[in-house]
Amino acid sequence: MLSFVIEVNNLSKTFPDGTEALKNVTVTIPDGDFVAIIGLSGAGKSTFLRCLNRLVEPTQGEIRAHGTDVISLRGRALQRYRRTIGFIFQQFNLVTRLSVIENVLSGRLGYHATWRGVLGLYTERDVELARHYIDRVGLNEKEQTRVDQLSGGQQQRVAIARAMTQEPQLILADEPMASLDPRLSDVILGLLKDYNEEHGVTVLVNIHVLELAKRYAKRILAFNKGELVFDGPVEALSDTLEGEIYTGSLEAL
Amino acid sequence: MLIYTLVGAGLALLLGLANSSMRRLMIAGSVGLIITFFTLPFGQVSGFLSRETVRPTLFGFLPIYPLFSLILVAALLSLAISLRGRRIGGTASLTAGLTTLILALSWAERPTSLASLLPLYGLMEAVTGIAATAIIVGISWGIPRARLPGLLIGIALGTTIFFGLTSNSGQAIFPKTPGYYKLLTSTPSGTETSIIESYNSGLEELNRQRRSIGLNLLEPITTITGLEGQRIPREAAEAGFRLVEPNRTAYGTTVTFLLIGLMVGGGLMAIWRPRLQDRADLSTGTLLAIIICTLTPAFAATNFSFNRLVEGWPFLLDFLDRAWPPNVGALQEVASQMLITIEIALVGTFLAAVFAVPLSFLASRNLTFGNPLMRAVFGLTRGFFNLDRGIDTLILALVFVAAVGLGPFAGVLAMAIHSIADLGKVYSESIENVDRGPIEALEAVGASGTNVVRWAILPQVGPLFIAWTLYRFEINFRVSIVLGLVGAGGIGFFIQEKMGTGTYNQMIVAILAIILVVNIIDFASSWLRGRLV
């Protein structure tokens, strides 16, 4: 496994409506970490994750992922980069009219020529991988079920299987439990944690529930109003700091 | 004409009993009367040829009957006072209504007379120009940045139209008649006698001709009243004289009497129950007045007449009589023609769908905003759709019948080409409304653009496409029935043929078959669509 160090330098993002979602964020994330990103909604957590795989174009700054300059990637090169990153969305973003296995297999589209993908000509290995991860997230009975027949928690597991089937070197999860019953949080985070431990793959999770972040993460990044205000191990997060992150009164720092 | 006043008053009474606002009706009456005064024809004055007949407005009659100015004054006063509502408003409206009624009735009692035309040169041209300016300025006013350019362009366009249409010789391209809006003025003294003389002198010759074809002879006349129901001599008409017969009405007269009814009825109700008023009366009343003043000319233009329907009723009964009982022997032919009609719709819809699917992707804003080239393609495709949607299948069919000859092929071509645009538009709207999530997800796994379309968009829009195509087939089936009438074959052609030969009992079989099949197809298609979406 290649080391997948992410170096972010002075990253800023200003949206066309003038919102400054990120302000000069500089951070390095070593390979194999399990990082929780915390902060109020609108603090820039989501924009930060989306910049990492270029779903959002940064306004300025630099992102390097194991040496590659991510910002300059275009076209095919960008697709090759993206296939190494699994992205898990708050709203699952599955094609609900397709079956579980079709959704999971679409995680392999980045590895094939366009025409093969269009015709749905996946390799045997693709299918094996897809089955393996469907099994892994506990949906082996539901392989051929249409996604709109599944519960929210099951759908998010399908989305996780899709991300894992990409054989990613990095997993980005944007509030993966926010649309689910809170009791399912442990299931979702457990799957990500196990994957992180078994494969040594870096996982970045946006969480707004501090308790969960503390329980699972080794390291915490805290955002407030677009700025990175805390970066360190869980133990270093003091109660006063916590309070300030969540009340938004960080001018006091 | 008084019947319209009764209708208006009756309407006001009913609405009043239903606690509807009476002030609204009073305002509608007053505003309508003001509009009518200037724009709707109140009578007809004739010349020598029928095309020399002019339909002046109340304003047009003003110079020869100055009392009409009281109508305008009454309407304006009634509008101003009825805005205040209560009993005083009702009284004003009632008074204005009665004044107008008396004036309109006294006009109708006037004897036939002569008047000379006074065209208002440039008026219609100016109205056209101002209307163009108003439209441009009105559209651009909503966008703050476009206000000034809109104003300038509007004024420039209006001025161009005004000067482009106006010509010194009075012969504009549009409106063609020099001075479309005409006033009537009194004739110089001596005109009447000279016209009477000229009429009497030509009478001998005319009577000789009438005798030869056996018509009754005409008497010489002594006053202009004697010309009633006839026409004035050619030279007099060419000199701009017209015969004014106040008992000849136009649709503006109808509107006037109806509005009188609203004003009188509304006024009386308002005096009786002064609480019947509403906050938005001015706008709703004006709207009502505009509707009345727009609908009436439309009814007049379409020659709407209950009398003719009543007169034609026996013919309808005769038709049914001859059509019944249906000739069951025609069933075989009807079935095969019906099949052709369905097949035209099937092929036309199928071909349209085949072309519309790829085009719809090019016409979707969300798939094409990436680069300027694609945006140009988007504009072109949308432009083609809008152009094509404007040309109805029937018109296309007429063109194709001329090109490829009579028969179903022309119908299929016409239907396919028109439906491409209709389907393409609804398909592309479906594409624009897809859930963004799956698109984002597939972009995030590194799938290429084509694969995003294949795996994120197609699964979402596929069922919608099928549903829209089915719906289009429903419409196309009905279109294809009518297509037969322009020679494209099928059941419509059969009906036309049987109508021509008078074999109504065969035609009725086709009509019954259409009712049956239309309902079956609509039912089946909506059931299928319901299951899909």
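The values are calculated or read from the model by the stated rules, or taken from the named source; none is laboratory data. These numbers come from a predicted model, not from an experiment. Don't worry about glycine lacking a Cβ; one is built from the backbone with ideal geometry, like all the others, and counts go over all protein chains shown. What goes into the accessible areas is simple: the full protein's heavy atoms, side chains included, and nothing from ligands, DNA or RNA. Shrake-Rupley method; radii C 1.70, N 1.55, O 1.52, S 1.80 Å.
Across region B:317-331, in residue order, what do the Karplus-derived ³J(HN,Hα) couplings come to in whole Hz, using 6.51 cos²θ - 1.76 cosθ + 1.60 with θ = phi - 60° and x for Gly and Pro?
Here the 3J(HN,Hα) series is 4, 4, 4, 4, 4, 6, 7, 9, x, x, 8, 5, x, 7, 4 Hz.
Return one number: the angle in degrees, 0 to 90 and rounded to the nearest 10, between the long axis of the Cα atoms of helix B:408-432 and the longest principal axis of the Cα atoms of chain B.
80 degrees
Residues of B:453-460, mean number of Cβ from any other protein chain within 10 Å of their own Cβ, rounded to a whole number?
Mean shielding count: 5.
Using a 1.4 angstrom probe with every protein chain in place, what is the largest-first accessible-area order of B:Leu258, B:Leu331?
Largest accessible area first, the residues go B:Leu331, B:Leu258.
For the protein assembly as shown, what proportion of DSSP beta bridges, expressed in % and rounded to the nearest 5, is antiparallel?
Just about 65 percent of them are antiparallel.
Per residue, how much space in cubic angstrom lies within the convex hull of the C-alpha atoms of chain A?
Spelled out: Cα convex hull of chain A, divided by residues, is 132 Å³.
Please list log₁₀ I(q)/I(0) at q = 0.16, 0.30 Å⁻¹ for region B:225-270, using the Debye equation with identical point scatterers on the alpha-carbon positions.
Log10 I(q)/I(0), no solvent term: -0.62, -1.02.
Towards the positive end of the charge dipole of the protein assembly as shown, with charges on Cβ (+1 Lys, Arg; -1 Asp, Glu), say which of B:Leu282, B:Ser525, B:Ile260 has the farthest Cα.
Value computed over the given set: B:Ile260.
Would you kindly derive the ³J(HN,Hα) couplings of region B:189-198 from the backbone phi angles with the Karplus curve 6.51 cos²θ - 1.76 cosθ + 1.60 (θ = phi - 60°), listing them in order in whole Hz, with x for Gly and Pro?
With coefficients 6.51, -1.76 and 1.60, one gets 5, x, 5, 4, 4, 5, 5, 4, 4, 5 Hz.
Helix B:251-272 against the longest principal axis of chain B: what's the angle in degrees, Cα atoms only, rounded to the nearest 10?
Approximately 90 degrees, to the nearest ten.
What ranking of B:Ser201, A:Ser151 comes out by heavy-atom accessible area, probe 1.4 Å, highest first?
Largest accessible area first, the list is B:Ser201, A:Ser151.
What FRET efficiency comes out for the pair A:Glu7/B:Arg145, r = Cβ-Cβ distance, R0 = 35 Å, nearest 0.05?
0.20
Between B:Ser336 and B:Phe523, what is the FRET efficiency for a Förster distance of 25 Å, r being their Cβ-Cβ separation, to the nearest 0.05?
0.60
Using just the C-alpha positions of the protein assembly as shown as equal point scatterers, what log10 of I(q)/I(0) does the Debye formula give at each q in 0.08, 0.10, 0.11 1/Å?
Each listed q maps to, in turn, -0.98, -1.13, -1.20.
With θ taken as phi - 60° and the coefficients 6.51, -1.76 and 1.60, list the Karplus ³J(HN,Hα) couplings across region B:485-496 in order, rounded to whole Hz; mark glycine and proline as x.
Values per residue, Gly and Pro as x: 5, 9, x, 8, x, x, 5, x, 5, 4, 4, 4 Hz.
Name the long-range amide H neighbours of B:Val244: under 5 Å, sequence gap of 5 or more, or other chain; modelled H, no Pro or chain starts.
Here the answer is B:Ser113, B:Leu114, B:Ala115, since their amide H atoms fall under 5 Å of that of B:Val244.
Quote the accessible area belonging to B:Trp313 in square angstrom, nearest 10, computed with a 1.4 Å probe and with ligands, DNA and RNA left uncounted.
About 130 Å², ignoring ligands and nucleic acids.
Can you give me the distance in nm between label points at B:Phe38 and B:Thr302, each placed 7 Å from the Cα along the Cα-to-Cβ direction?
2.8 nm
To make sure I understand the rule: partners must be lysines, Cα under 18 Å from the Cα of A:Lys45, and not fewer than 8 residues away in the same chain. Which ones qualify?
A:Lys13, A:Lys23, A:Lys214, A:Lys218, A:Lys225
Can you compute the modelled spin-label distance between B:Thr222 and A:Arg74, with each label point 7 Å from Cα toward Cβ, in nm?
The two pseudo-label positions are separated by 10.3 nm.
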